[in-house]
1. Which percent of Cα-Cα pairs in the stretch 184-234 sits in each 5 Å bin, short to long?
2. Which trypsin sites (Lys or Arg not before Pro) from the stretch 258-355 combine a DSSP loop assignment with at most 10 other Cβ atoms within 10 Å?
3. What span do the alpha-carbon atoms of the stretch 61-112 cover on each of the three principal axes, reported in whole Å from largest to smallest?
4. Of the heavy-atom accessible surface of the stretch 120-173 (probe 1.4 angstrom), what whole percent is carbon and sulfur?
5. How do 252-261, 297-306 rank on mean C-beta neighbours within 10 Å, highest first?
6. Beyond 23 Å between alpha-carbons counts as too far, so tell me which of 29/225; 225/353; 225/289 fall in that bin.
7. For the stretch 10-159, state the average projected area of the convex hull of the C-alpha atoms over all orientations, rounded to one decimal in nm².
8. Give me a comma-separated list of calculated 3J(HN,Hα) values for the stretch 266-271, in order, Karplus coefficients 6.51, -1.76, 1.60 applied at θ = phi - 60°, integers in Hz, x for any Gly or Pro.
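The values are calculated or read from the model by the stated rules, or taken from the named source; none is laboratory data. Every value quoted in this text rests on a predicted model; they were computed, and no experiment measured them. Note that each Cβ is placed from the backbone with ideal geometry, even for glycine, and that neighbours are counted across all protein chains shown. These area figures cover heavy atoms from the full protein model, side chains too; ligands, DNA and RNA do not enter into them. Shrake-Rupley method; radii C 1.70, N 1.55, O 1.52, S 1.80 Å.
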Amino acid sequence: TKGELPCVDLTLNLFVGKGCLTVAGWVIKAAIVATVDNSSIRRDASASDAPSFWGSLVDWVVMGAVTVAARRRLMVMEKEAEGQARQRTIKVVMGGMDLIPAWGFKGMAAAMVGGHLIWDAALVLACATAIYVTLSPPADAPPTFSNALRAVLCGSMGLGVGFAVNTIPSSLFSFSDYFSIAAFTGEVLYAGVITMVAVILQAFLALQAEDTASPLVKALLVFLKTAFNFVAAWAWQGALNLAYNGEGSFCNDQIIGQLIWCFALLAAGATLAFTLANAGSEDPSQFGKDVRNLLVLVVGINIGWAFSDFAAICYSCTPWLAGPLGSWLFACLVAIGVGGVAWLSTRIGENLKRRAVAEFVASGRGSGLGGSLRDSQQSQGAELEMQQYG
């Protein structure tokens, strides 16, 4: 409608804004931790394989600063970009950049969650809330680098909080690490219940945010809502890991099996994007947007986790990359590969959207039956974009 392709926008959000940036954040964090600890890249799939607290802290702060610098550059590119297709692509990338420093705080949370999972998880949630209240800049704060860094650090804690909170039911119900029908059914039921609770919280916290006049309280409610979205993502990750954990007798078996699993999740993500695009309305409610963002986050980040596991398997099968230097070489190769895939995906998406604009203008639907000013402006914008991109 109106020369737009919402399915393409959602697919780019899933694959680039969530999936690719999740892989990039994980591999950079793994290299930084390997350097600080003088070790090698670890898979970091559970609390028992958690990195050191201090290495993760360094990654959280350093990558937070890098994210601020990169986001400022992207904001300039967005203003200079000509055409809505390019501007939307840049917004997708900027919207998912908090996932890069998020792995640092997740590593800190994993290091804090020890033998007493319930109390440690509660401590992580309390510390995250205290950090948010302390660091979060006021709404009218000037857009300085330090204030932007504070906002990024506060906004990137959801992944770690979700991981910590998700360990509570895992410890209470003692979910199995090995596949069985009963264990898988339990994981899926648990993930489904958590997702439904997250949906209910979207509505409840949104109402609470409307009733309060304090900007800090509103921001805190948004943080809690986002953090519980990550709880749902971690819950589904447990079910997916139980369905396929990438094990195999030989490296080739592990690599091929994990790659097939990654593309299976990609197909599921594309199906979700198509379904949401066809079910969405032109002006969805805030609740509808929140639910859509929840589903996109859960699916997109699990796609990123699957490809992160694929990268970790590839690293474990190349012993000559052991150590900090090899970790950085591997991280650079993965980052370049992820960047190339993201660039190619966005180019394909933009070309599809430009073609849709051209077809929309050529069909004569841009002016509308009544020739309203709004439709005329949309048609003129579409014509300009068609002329610019041929």
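1. P(r) over the stretch 184-234, rounded to whole percents: 5, 22, 25, 18, 13, 9, 5, 3, 1.
2. none
3. Each principal axis gives a Cα extent; for the stretch 61-112 these are 46, 17, 6 Å.
4. Details: 1690 of 2300 Å².
Carbon plus sulfur share of accessible area: 74 percent.
5. The densest-packed peptide leads the list: 297-306, 252-261.
6. Details: 29/225 25 Å; 225/353 32 Å; 225/289 13 Å.
Beyond 23 Å: 29/225; 225/353.
7. Mean shadow area of the hull around the Cα atoms is 9.9 nm².
8. With coefficients 6.51, -1.76 and 1.60, one gets 4, 4, 5, x, 5, 5 Hz.
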